[in-house]
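A.B. asks: There's a structure below that I have some questions on.
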Amino acid sequence: MAQMRRNSFFPSLAFSAALMAGIAPIAQAAPSDDAQLSALKAEMAEMRREMMGQISSLKAQLAKNETNQKHLGSRLNDVANRRGGAYHSQVASGPAETGVQFGEEAPPHKNILAASGIGRPPSDRGDTMSWKDFRAATQADEEVRVGGMIVGFPKGRFTISSEDGAYGFSVGLAFHEDFGGFLGSGPRGNETRGDFSSFTENARRIRIPFTFRYKDWVANVTPDFGAGSADGAATDQTLYEANLNYTGLHNTILTVGYFQPRVTEEDSESSNDFEMMERPAITDAVRKIAAGDARFSFGGLHYEKRWWIAAYFTGQSFGNRSALSSGSGIVNSQTGGTFRAAGRPYMSKDIDLHVGVSAISAFKVAATCATGSNAACSRSFSFGQSPEVNLTTTNLAVAAVSNASSVWAAGPELGFRWKNLLLKGEYYHIGVTRGDAANVAGQNNQGTVNLEGYYGSANYTLFGKGRAYNEKEGAFGAPGVEHEFDPRHGSWGALELTGRYSVTDFHDVGITGVSSGAGIANGTQQTVWSGGLNWYPNRHFRVMLDFNHFMVTGNGNTSAAVINEYGRTGNSLAARVQAAF
């Protein structure tokens, strides 16, 4: 650009000099007309002053452009050197590689390479969006065009697509590695110790979302090599989702296949966005009734700026029919459904008010039937929750209900954000309807089992962009990194502080103390106080530190090898390192 301006500047200067040289003899040819000569000289002097001013302005502009070009080149070299490459302001001589665009036909460079760590974490699942949104996301981020294909990182996820965005493929990562231990949670009396190690570790999630797209048709396949509580076990879940989606309707996603239906506000958040390492125990118990990971689902969701709604018919979870391989019985699969509606009755730059309701039901509890012509079938439902840290295989919040015909839960959601402060809470009531088991003593005309739980949490972003409402999930998302970690320039990413109080009551007083033949073992009540710090050096990585103090009532079971006869009190200190792409 500087060279072009020099080329246009010097011919103009030569033309102006020639013009002045031609005017001078004309002025000397009329020495008798002093008045005209004086006027002409004054006009020439004025022209000279204007011309010199323009020349000075052009010189200053040229110098400024050269300085800016050198400064830009220096900055690009710094960025490239940090990434192991080098920036060159000119293309080397020789033929260009086929399929790679250079010059004015290439799309404008958006210069976000140096700021790629800014923003919020990518999702832990396949990124299902409409064709329109996909093209907008691709165009909004830096891209490279090779052989008619676009390669880029829209929303921080590696993506390859055709130029029109009709075909697309993306691959991501959700990696959560937990480590820590328990303090002061030993047994009382003759109780069995349980799995409460002073130090242990667990690969909580190792998800690799693969998304295949053709226009508004999207397929997600996400294997999960992590574990709920003990990595490397033979029972590890190997699939998080495998589903087909249609996104051609406005702000609507229709889904069929193995999926995680969204129910409760906590469950609607990506695990990459959690305030604490684990969900509150009550919301985890509710979602497992007829939702949870890799649940066969058929339904859809719709969202707008102020409201969100979803409903799904659900079946069994992936792997629930694996018992068939033993030949010992037949599992009659569960059927159920989920419903959730949420809205923002008030929203502004500094305030978000969230209200919602979630409901879930197992219409028919799965039955296990023995083999034979007169096979007897049984239906039961069990609840089991860890003390809100998955570094143990021992569940202290438990309830087991036999002769269960259906299970349901419902409750309200409430959230309030003011600038960097976020307050949330949910309450859920769980009902287990019991049937009549023929020829089984004590299991006829039994009442409904009633369980409940709630939590409240407070979160404050110390630095970085505070948590924000995600209208596509109808829930709150993680903080945003405004300046990724760079201590040389005083940038530290984002840091948030979280506290939570949680109660999970599986202790139905109406059936406490009944014999095991009546169909229920005594439930327990678990209370957990939690506090944590989350640090985001950039949008792709996070370090979490959680402390939990838990108190659990005893179940009164005096049989041998019981873990929680008298109740347990203890503490856990755990950390997580997270990578999200």
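A.B. asks: Tell me, Kirkwood radius of segment 116-199 from alpha-carbon pair distances, in Å?
C.D. replies: Working: mean 1/r = 0.0613 Å⁻¹.
So the Kirkwood estimate lands at 16.3 Å.
A.B. asks: Can you list the residues, at least 5 places off or on another chain, whose amide H is less than 5 Å from the amide H of residue 522, using H built in the peptide plane?
C.D. replies: none
A.B. asks: Give me the extension gain from residue 349 to residue 448: residue separation times 0.36 nm, minus the current Cα-Cα distance, reported in nm with one decimal. Intermediate results must be reported in sequence, preceding the final value.
C.D. replies: Details: separation 99, 0.36 × 99 = 35.64 nm, distance 4.60 nm.
Full-extension gain reported as 31.0 nm.
A.B. asks: Provide the per residue accessible area, probe 1.4 Å, for segment 152-210, rounded to a whole number of square angstrom. Please list the in-between numbers first.
C.D. replies: Details: 2590 Å² over 59 residues.
Solvent-accessible surface per residue comes out at 44 Å².
A.B. asks: Taking the Cβ-Cβ separation of residue 468 and residue 569 as r and a Förster radius of 41 Å, what is the calculated FRET efficiency to the nearest 0.05?
C.D. replies: Details: r = 37 Å, r/R0 = 0.91.
Once the sixth-power term is evaluated, E becomes 0.65.
A.B. asks: Using only protein heavy atoms and a 1.4 Å probe, report how much of residue 160 is accessible, in Å² to the nearest 10.
C.D. replies: Counting only protein heavy atoms, residue 160 exposes about 60 Å² to solvent.
A.B. asks: Still on this structure, I have one more. Pop the C-beta distance of residue 133 and residue 579 into the FRET formula with R0 = 22 Å and round what comes out to the nearest 0.05.
C.D. replies: So, using R0 = 22 Å, E works out to roughly 0.35.
A.B. asks: Now for a separate question. When ranked by the protection proxy of mean other Cβ atoms within 10 Å per residue, highest first, what sequence do the peptides 567-578, 274-285 form? Don't jump to the answer; show the numbers that get you there.
C.D. replies: Details: 567-578: 19.2, 274-285: 25.4.
Packing order, densest peptide first, comes out as 274-285, 567-578.
A.B. asks: While we're on this one: 7 Å from Cα along Cα→Cβ at both residue 305 and residue 332: what's the point-to-point distance in nm?
C.D. replies: 5.1
A.B. asks: Go through segment 153-162 residue by residue and turn each phi into a ³J(HN,Hα) via Karplus (6.51, -1.76, 1.60, θ = phi - 60°); whole Hz please, and just put x for glycine and proline.
C.D. replies: Once rounded to whole Hz, the list reads 10, x, 6, x, 10, 4, 9, 10, 8, 6.
A.B. asks: In this model, which of 215/288; 288/349; 288/472; 155/349 are farther than 29 Å apart at the alpha-carbon?
C.D. replies: Values: 215/288 33 Å; 288/349 35 Å; 288/472 23 Å; 155/349 22 Å.
Over 29 Å Cα-Cα: 215/288; 288/349.
A.B. asks: Let me ask another. Pop a pseudo-label 7 angstrom from the Cα along the beta-carbon direction at both residue 341 and residue 54 and give the gap in nm to one decimal.
C.D. replies: With each label placed 7 Å out from Cα toward Cβ, I get 7.1 nm.
A.B. asks: Evaluate the distance, in nm, between pseudo-label points positioned 7 Å from the Cα of residue 489 and of residue 160 along their respective Cα→Cβ axes.
C.D. replies: Computed distance between label sites residue 489 and residue 160 equals 3.2 nm.
A.B. asks: For residue 188 and residue 225, FRET efficiency with R0 = 30 Å and r from the beta-carbon atoms, rounded to 0.05? Let's see the in-between values first.
C.D. replies: Values: r = 37 Å, r/R0 = 1.25.
With R0 = 30 Å, the Cβ-Cβ based efficiency is 0.20.
The values are calculated or read from the model by the stated rules, or taken from the named source; none is laboratory data. Note that the coordinates shown come from a computational prediction; the quantities given were computed from them, not determined experimentally. Neighbour counts run over all protein chains shown; Cβ positions are idealised from the backbone, glycine included. The accessibility values were calculated without ligands, DNA or RNA, using every heavy atom of the protein model including side chains. Shrake-Rupley method; radii C 1.70, N 1.55, O 1.52, S 1.80 Å.
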